[in-house]
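What follows is a single structure, written as structure tokens, with notes after it.
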Amino acid sequence: MRASDLVGCRYRLRQRRAHPETPELPDALIRQPQIDAARAAVFELLPVKRALGDGAGKAFVRVDIDPAGDRVADTRAALRRRAHLITNAALAGEVDGVPAEADVDVLVRTERGYMPVVISNHRVARPHPDEHLEMVPTGRLGLGQPIRVGAKVRHHTVDGYRVAMAHLLLGELADGRAGVIGQDRTRAYLCDPARFVESLTRVLAAELPDEPKRLKQCAACRFWPLCEPRLVELDDISLLLPGGRGDVWRERGIHTVQQLIDEAPPEPAALARAWRAGVPVLRRPGVAAAAAQAVPRADVEVDVDMEAYLDQGAYLWGTFDGVDYRPFVTWDEVGGAAEEENFAAFWSWLMARRASAHAEGKTFRAYCYAAGGENHWLRSSARRFSSVDEAEVAAFISSDEWVDVFAHVRRSLVGTDGLGLKVLGPVVGFEWEDDDVDGERSVALRRAARLGDQAARDMLLRYNEDDCRATRAVRDFLAAGAPGIPVLGEV
Ligand code: SF4
């Protein structure tokens, strides 16, 4: 049992044990070089000897364990040697009677024992004026004392389990503290692994499920070809209601789609029937075709779609005016001058389009699909960058000229798999040029684009353009009365 087996789907461990031969999916293989690169970058920063001020005459032992060897045995040997730094370490033993293994990127000897340090691809802390964390620069691990810095921790369950597992497996050798190196590879933030022990042992003690349950992560799981037929055989309710969405029915003894059809109240039963019939989108009962036209139109219309890089900044504001797609994009690092310049260019273009429409006596509206992300980055950009007037942005967001198409769709329609743009697109006859670029893939593409990869840049722009055009296509479809969409309950 590893920490990664304890988050997300717990059935995966059963599948991994039963079908170890199942190959990784291409996306996971693409991720591995990134993980390896992160580890290599950290190992490069770690000290190999003492600096002058550290008593250069004293011994400093760093052991880099061969990933292809017997890492557990080699780690034990390095611990016996009392090495100061052990990279690529692996610990094995039992935690609460459960056989457990922990990959520990770095084991650091301190005056108290050994401190596990893990490398995470998450952002693990962010600067903060009032909160403080202890931090050791990566280049001083094994040599320097922690320093207090103004930062606030960002907790990620899997990182917590990793350090807690390593802490427990170290037993009496444990220092009692642990470190996590996040996206800023130069800093190891210290934490108290004991904080995560209680929830770790609770999850460890929980029985593994006997059957699969569809979750969001199934879409990117190598075991889906094995789980899906079983779910179909079981007619499991998670086929229609993934994750926790089916719990409310399971609590009432409803476990299958057929039971939902037979026993649930009219609306969920009708939705289940539609799903069974392969109908993804339905019109809400009582909503006449004309009501679907309620998305307000304007003489000058612009569809907007934004792409952000993690929580660090928005690098692409795409616009489509019905004729031309115009992206405002920066391939430089976000969070600074490049992002500000790009956002200001987008904003002034949008406001200029609006002003010229008004000057000609025309109405103007900008649209997006599910405005949460756009609104967040509109507000955040205006707040962070002084070149754009925050009040002007806030006034625009709350005006009738900024329209969330999704809010209108939700009033008129209901979907068996939600009403996301990717669900609606095919229903209204829109096709994306590229396959779905999910969050993780878009992060990888953005990284490649930053490094100058033209194919990645083209793909991100193409995808953004298609999202803008799809938003427009959905609006046009609604304006046409959502033709061909059956009424919920009539399928
Ligand atoms: S396909 Fe889904 S249910 Fe099956 S192991 Fe993967 S995540 Fe779990």
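The values are calculated or read from the model by the stated rules, or taken from the named source; none is laboratory data. Predicted, not measured: the structure shown is a model, and the values here were computed from it. Positions of Cβ are generated from backbone atoms using ideal geometry, with glycine treated the same way; all protein chains shown enter the neighbour counts. In case anyone asks, the SASA skips ligands and DNA or RNA and just uses the protein heavy atoms, side chains included. Shrake-Rupley method; radii C 1.70, N 1.55, O 1.52, S 1.80 Å.
Which one of ALA482, PHE430, ASN88 is farthest out on the positive end of the charge dipole of the chain, using unit charges on Cβ (Lys, Arg +1; Asp, Glu -1) and the Cα centre as origin?
Result: ASN88, furthest along the dipole toward the positive end.
Quick check for you: with a 1.4 Å probe and neighbouring chains kept, what is the accessible area per residue of the chain, in Å²?
48
Quick one: compute the contact order of region 3-205, relative version, from alpha carbon pairs under 8 angstrom and 6+ residues apart, as a percent.
Across region 3-205, relative contact order equals 20 percent.
Using label points projected 7 Å from each Cα along Cα→Cβ, tell me how many nm separate ALA479 and VAL491, to one decimal.
The two pseudo-label positions are separated by 2.7 nm.
Obtain the nm distance between the two label points defined at ARG148 and SER199 by a simple spin-label model: each point lies 7 Å from its Cα along the Cα-to-C-beta direction.
2.7
Trypsin sites (Lys or Arg not before Pro) within region 17-103: which are DSSP loop residues with at most 11 other Cβ atoms inside 10 Å?
Passing sites in region 17-103 are LYS58, ARG81, ARG82.
Over 10 Å intervals from 0, what percent of Cα-Cα pairs in the chain sits in each interval?
Cα pair-distance distribution for the chain, in percent: 4, 15, 21, 23, 20, 12, 4, 1, 0.
What residues of region 94-136 lie in the reach of a label at ARG384, counting those whose backbone N is under 16 Å from a point 7 Å from the Cα along Cα→Cβ?
The answer is 123-129, whose backbone nitrogens lie closer than 16 Å to the label point.
Please report, as a whole percent, how much of the solvent-accessible surface of the chain comes from carbon and sulfur atoms (probe radius 1.4 Å).
That fraction is 51 percent.
Expressed as a whole percent, how much of the Cα-Cα distance distribution for region 381-457 exceeds 20 Å?
Details: 1803 of 2926 pairs.
Beyond 20 Å sits 62 percent of the P(r) for region 381-457.
Are there GluC sites (Glu not before Pro) in region 231-320 that DSSP marks as loop and that have at most 16 other Cβ atoms within 10 Å, and which are they?
Of the GluC sites (Glu not before Pro), the ones in loops of region 231-320 whose Cβ has at most 16 other Cβ atoms within 10 Å are GLU251.
Kindly point out which whole DSSP H helices in the chain project their C-alpha atoms 27 angstrom or further along the helix axis while averaging a Kyte-Doolittle hydropathy of -1.0 or above.
In the chain, the long hydrophobic H runs are 26-45, 337-359, 454-479.
For region 216-279, count all C-alpha to C-alpha pairs, find those more than 13 Å apart, and express that count as a whole percent of the total.
Of all Cα-Cα distances in region 216-279, 63 percent exceed 13 Å.
Expressed as a rounded percentage, what relative contact order does the chain have, with Cα pairs under 8 Å and six or more residues apart?
On the way: 771 pairs, mean separation 60.6, N = 491.
Here the relative contact order equals 12 percent.
List the chymotrypsin sites (Phe, Trp or Tyr not before Pro) within region 292-348 that fall in a DSSP loop (any state other than H, G, I, E or B) and whose Cβ has at most 10 other Cβ atoms within 10 Å.
The qualifying sites: there are none.
Any idea what diffusion coefficient region 290-479 gets from Stokes-Einstein, in µm²/s, Kirkwood Rh on alpha carbon pairs, 20 °C, 1.002 mPa s?
Here the translational diffusion coefficient equals 125 µm²/s.
At a Cα cut-off below 16 Å, give the lysines reachable from LYS49, other chains included and same-chain residues fewer than 8 away excluded.
Leaving aside lysines fewer than 8 places away in the same chain, those within reach of LYS49 are LYS58.
So what is the calculated 222 nm ellipticity per residue for the chain, using -39500 (n - 2.57) for each DSSP H run with n of 4 or more, over all residues, to the nearest 500 deg cm²/dmol?
Working: 16 runs with 194 residues, N = 491.
Helix contribution divided over all residues of the chain: -12500 deg cm²/dmol.
Can you tell me the dipole magnitude for the chain around its Cα centre, using point charges on the Cβ only (Lys, Arg +1; Asp, Glu -1), in Debye to the nearest 20? List each step's numbers first, then the result.
Details: 64 positive and 74 negative charges, 294 e Å.
Roughly 1420 debye for the chain.
With both bridge residues required to lie in region 301-405, what share of the DSSP beta bridges run antiparallel, to the nearest 5%?
In region 301-405, DSSP labels about 65 percent of beta bridges as antiparallel.
Rg (Å, one decimal) plus Dmax (Å, integer) for the alpha carbons of region 175-222?
When restricted to Cα atoms, region 175-222 yields Rg and Dmax of 16.4, 43 Å.
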